[in-house]
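Just below is one structure, and these are the notes that go with it.
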Amino acid sequence: MTSARSSDRTTGMSEETTAKVTLTFRLNELLNQQGLSHTAAVYLLGMVQPRLSAILNCKLRGVFLEHLMQLLPALNQQVGIVVKPGHIAGSSSIRVAV
């Protein structure tokens, strides 16, 4: 499972990809902290092993941000979405804070 900081690898990525990578790194951290094997994680998260391995290795093509957010509550994490005005008129962004 991956251990590098997500911020080190997200430079130049789209906001959505950055959000996916950030959630994937958090998922990796949680699985490592809980000492879960891939077999146990597959069962707990309700997915097939090849799909979990792809996600944990940041192979995120075809993975929706929503799906990553739905995995985290199975690891006792709360996931929230906050919508607020931008600092500058016309500015927008997607950020994930873990």
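Quick note: the coordinates plus some simple rules give every number you see, no bench work behind them. Treat the numbers as computed from the prediction; the structure is a model and nothing was measured. So basically every Cβ, Gly included, is an ideal-geometry build from the backbone, and we count neighbours across all protein chains shown.
Which ordering of T22, T39, T17 is given by a fewest-first count of other beta-carbon atoms within 10 Å?
Ordered by Cβ neighbours within 10 Å, fewest first: T39, T17, T22.
Counting residues in the range 6-75 as N, plug N into 2.2 N^0.38 Å and put the Cα Rg over that result.
Working it through for the range 6-75, the quotient is 1.05.
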